[in-house]
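Working notes for the structure below.
The values are calculated or read from the model by the stated rules, or taken from the named source; none is laboratory data. Only a predicted model underlies this, so the values are computations on that prediction, with no experimental measurement involved. Neighbour counts are summed over all protein chains in view; Cβ atoms, including those assigned to glycine, are modelled from backbone coordinates with ideal geometry. When the accessible area is computed, the model is the full protein with side chains, heavy atoms only, and any ligands, DNA or RNA have been set aside. Shrake-Rupley method; radii C 1.70, N 1.55, O 1.52, S 1.80 Å.
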Amino acid sequence: MFYNSLEPYLVLSAILFVLGLLAMFTKRNAISILMGVELVLNAACINFVAFSRFVENGISGQLVTIFIIILAASEAAVALAIILHLYRHINSINVDEATQLEG
Amino acid sequence: MSYFGNISKAFSTIATGMKITFRHFKNARKPDGIFTTQYPHKAVPLPKFSRQQLHNRIEDCIGCMKCANACPVSCIYIETVKAPAGTLSDTSNGQKRRLYLTRYDIDMAKCMFCALCTYPCPTECITINSDFNFIKFERKDLLYKFSDYSPEQVEQIKQEAKLREQQEAAEKIAKAKAAAEAKLKAETEAKAKAEVPQVEAKTEEVKAEQKPETKE
Amino acid sequence: MVPADFVFLILATLIVACGFVVVFHSKIIYSAFALLFSFFGVGGIYILLNADFLAGTQLIVYVGGISVLILFGILLTKKIYNLTTEETSTQKIIGGATSLAFLGALAALIFNTDWQIVTTTQEFTPQTLEIGKAFMGNFILPFELAAILLLVALIGAVIIGRDEKKEEI
Amino acid sequence: MDNILVWTMISILVMVGLVSVVGIISIYLERKVSAFMQDRLGPMEVGFGSLANAIIGKKTFKEGRIGLAQSLADGLKLLQKEDIVPKGADVFLFKLAPMIVFGGTFAAFAALPLAEYFVPADINIGLFYILAISSFGVTGILMAGWASNNKWGLLGALRSTAQMVSYEIPIGVSLISIVMICGTLSLKEMVLAQSGWFWNWHLFGAISHNGAIGIVLLPVMFINFLIYFTCSLAETNRAPFDIPEAESELVAGYHTEYTGMRFAIFFLAEYGAIFVGNAIAVTLFLGGWNSGIPMLDEANIPGIAPLIFITKVFVLIFVVMWVRWTLPRLRVDQLMNLCWKYLIPFTLFTFFYVTIYKVFLT
């Protein structure tokens, strides 16, 4: 019923996507925003896998998801490096306080 | 040191160390492989005259208080009641016991194991022995009680002693009265013999005073 | 209702509840741990979707890697001995309204589109082999690019993250 | 549906039993081995008789011979202890952390192939699954360290996490070599490939897969096995890599503030993780449930296969303990040196070697 039809997965991913969006909108902490991004990426991943399971009946959606995971890993690493750098510079990770563009 | 030299040194040192520990592991069940003793069953003998726990042979104790006075931390508590002559047996080395020991407590929690109490004892009844295993669950259990008498007996002894004391006091008062009368009599006699030389009168006076004391 | 339905409901509840904690909890450390459980639930969803290798990857990379990275980031940028790592949120009304609008639009899309569903019942087949073949076949170029991307990200993270004193040398 | 549930419950119970039995046996073994190596006797008094007497309240002291019931008695003691939550702790996370650590270890037990027909969950990506689910415990450790609001706990947790994350790299690469030779991620099939004489084990090269020419893999497999074993020591925070729990620096690391049963759960999880790590070593390198002598395997003695498997694992656990009581603790920089300068280059070398072998010699 639930598990072998497409819509429940899409609804789940929509809710997850909106939650991630909300985190990106409302939070001012850089790490919280990063968490929102990760939620959005996961929502997209669920969509890809669900489509490849029900619509395509193949594995290309899974391959795209693996690329997304690779992307998310490198993104998280670079983003955290930037956040640490920011913290050393302005002693805060509130994105509203990061107003200097130069170094 | 080179990179591969490091690796080979690591391997050889690890091998050496592990060989040593395995030798110990292998020898563990042999009698000389173990360096500990299974304590409650076997114990390493203590040195002779090691000072661990105070003990009092209460049947030899005369209640002289010498040990209590010698104790630097006052951990010996003695309470005695006078006994009528002949009711208590003699000690093993022939001393007379004249006191009921209603209380003879040693607080091992306070004791500092100096053994100074054992030297002045005239009957050698308080000793310090090598029995070190006096673990107790509560601190009040470390107050060792040596007295033979149960609390009821102690009560009885104290009452009897009180009665005897009262009797004795009554007798004493009576004797004192008698003595005072005798003294008064002697004084009046002395006054009457005013012409007798004063040296004689003084000696008489002394005798009259000493008499009641010696009778006690 | 078959057991798999219950599993789906439990996992969906876990994911959504943890997502709510991520967004609305005032302590950022709770958000991070909730994010971790959310990832875990998504891994379970992959298993329900017959993507077993993907579930393993999700666990290793997200739960074992990214979550730990985020937790380390939090602990390194806060006074870590201080338990009150709270934070404020802004633009609640605008953000909430936009998000709700998005949700409505997505829901309308989901239920009004005629999805061309090929299959609903599918026997489970191990997919590791197929994924490997695809990576070595049609997807060889993205695969190589992903490898280069990882290398670039590694070097970039090291260069950005290290101390400035060392940069001058 | 009923059948599935019943069988699930039964297998869960069996695995719970296995986890606790493994914990109890490992703790007893650890105490005995450490005692023997230090010229002591270890637990001798608490036999099953005196334990039973203590439970029914008799105070008679029954002399034990080798102290078999010691860890059971310890467990009973820990059950009765007060469960203290520190005042400044984050109560929810503090209580959740041991469950996660235990859960991560316990879930890994599900895929262990005890015998050909006794694999609790025969997953086709078993090895991958075990590696993935064990990384779940890392977060539990971090959670425990942070929630106890204790400097030692937090430092221990951070050290532990950093160590476990960085040692996952050599483990992964060294296991990939084996996976490449076998061509499967299923633990069961890996063991089946090693049946027969003991020289078919992967430790002695890929003879079973490729005949006599597999002998060229022998040195590489030895190196691989050593690297995997070293890394599994580091993954489970055992000496000489017990920096996260260094008693002389951080009282007990991330579980400093835990008492009673929660502490016991951490310990069970630790010994469970050791068992899982060595079970993977046995499965991948030492032939799993195969005895190494075909006649013994063909005799079909009931119950011997799991017994052989568990015996092999416990032999490796003995080596782990032996190493623990021999080698001193490494410093943090030495730990990272070992990982990045020695283990990872060597795993990459073996990986390369196996690739060449696979491409040109098969």
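In the stretch D:189-247, what residues are among the charged types (D, E, K, R) and free of Cβ contacts under 8 Å to residues at least 60 places away in the same chain?
D:189, D:247
Out of curiosity, is residue D:257 touching a residue at least 12 places away in the same chain (Cβ under 8 Å), assigned to a helix (DSSP H, G or I), surrounded by fewer than 24 Cβ atoms within 10 Å (Cβ to Cβ) and in contact with a Ser or Thr (Cβ under 9 Å, 6 or more places away or on another chain)?
Here the answer is no, as residue D:257 does not meet what is asked.
Out of the stretch B:1-47, which residues are within 9 Å of chain D (Cβ to nearest Cβ), charged (D, E, K, R) and either outside any helix (DSSP H, G or I) or more than 21 Å from residue D:40 (Cα to Cα) (or both)?
B:29
Within the stretch A:10-26, track down each residue that is free of Cβ contacts under 8 Å to residues at least 24 places away in the same chain and more than 17 Å from residue C:40 (Cα to Cα).
Residues satisfying the conditions are A:11, A:18, A:21, A:22, A:23, A:24, A:25, A:26.
Return yes or no: is residue D:360 touching a residue at least 12 places away in the same chain (Cβ under 8 Å) and of a type in the set (Phe, Trp, Tyr)?
no
Which of the residues belonging to the stretch D:310-339 are closer than 13 Å to residue D:33 by Cα and open to solvent by 30 Å² or more (accessible area, probe 1.4 Å)?
D:314, D:315, D:318, D:319, D:322, D:324, D:325, D:326
List the residue pairs whose Cβ atoms are under 8 Å apart, where the first residue sits in the stretch D:312-334 and is more than 10 Å from chain B (Cβ to nearest Cβ) and under 21 Å from residue D:275 (Cβ atoms), the second is β-branched (Val, Ile, Thr) and open to solvent by 70 Å² or more (accessible area, probe 1.4 Å), and the two are 6 or more positions apart or on different chains.
Within 8 Å, the pairs are D:314/D:25.
Here are some conditions: (1) of a type outside the set (D, E, K, R); (2) under 22 Å from residue D:205 (Cβ atoms); (3) away from chain B (no Cβ under 14 Å). Residue D:271 meets all but one. Which one does it not meet?
All conditions pass for residue D:271, except number (2).
Looking at (1) surrounded by 20 or more Cβ atoms within 10 Å (Cβ to Cβ); (2) farther than 24 Å from residue D:24 by Cβ; (3) in contact (Cβ under 8 Å) with a residue 60 or more places away in the chain, which is the one condition that is false for residue D:147?
(3)
Give me the pairs: first residue in the stretch B:139-160 and under 18 Å from residue B:63 (Cα atoms), second residue part of a helix (DSSP H, G or I) and β-branched (Val, Ile, Thr), beta-carbon distance under 8 Å, and six or more apart or on different chains, which are they?
Correct list of pairs: B:146/B:58; B:147/B:58; B:147/B:154; B:148/B:58; B:149/B:157.
So the check is Cβ under 9 Å with 6+ separation or different chains; which pairs have a first residue in the stretch C:2-18 that's at the interface with chain A (Cβ under 7 Å from one of its Cβ atoms) and without any contact (Cβ under 8 Å) to a residue 12 or more places away in the chain and a second one that's among the polar types (S, T, N, Q) and assigned to a helix (DSSP H, G or I)?
C:16/C:38
If I filter the stretch C:26-57 down to residues being without any contact (Cβ under 8 Å) to a residue 40 or more places away in the chain, farther than 17 Å from residue A:69 by Cα and more than 10 Å from chain A (Cβ to nearest Cβ), which single residue comes out as surrounded by the most Cβ atoms within 10 Å (Cβ to Cβ)?
My answer is C:33.
Filter the stretch A:90-102 for residues that are out of contact with any strand residue (DSSP E or B) (no Cβ under 9 Å at 6 or more places or on another chain) and touching a residue at least 12 places away in the same chain (Cβ under 8 Å); which is least open to solvent (accessible area, probe 1.4 Å)?
Only one residue fits best here, namely A:98.
Are there any helices (runs of 4 or more DSSP H) wholly within the stretch A:2-103 with 2 or more residues that are more than 8 Å from chain C (Cβ to nearest Cβ) and among the hydrophobic types (A, V, I, L, M, F, W, C), and if so which?
Fully inside the stretch A:2-103 and qualifying: A:30-51, A:60-90.
Looking at the stretch B:1-21, I want the residues that are among the basic types (Lys, Arg) and have a partner that is open to solvent by 70 Å² or more (accessible area, probe 1.4 Å) with Cβ atoms under 6 Å, at least 6 apart or on another chain. Which pairs are those?
Every condition considered, no pair remains.
Which residues, taken from the stretch D:9-55, are open to solvent by 20 Å² or more (accessible area, probe 1.4 Å), hydroxyl-bearing (Ser, Thr, Tyr) and more than 14 Å from chain B (Cβ to nearest Cβ)?
Hits for the stretch D:9-55 are D:11, D:20, D:28.
With a cut-off of at least 1 residues that are within 12 Å of another protein chain (Cβ to nearest Cβ), name the helices (runs of 4 or more DSSP H) lying wholly within the stretch D:139-243.
Because the criterion is at least 1 residues that are within 12 Å of another protein chain (Cβ to nearest Cβ), the helices (runs of 4 or more DSSP H) in the stretch D:139-243 that meet it are D:151-182, D:187-192, D:218-235.
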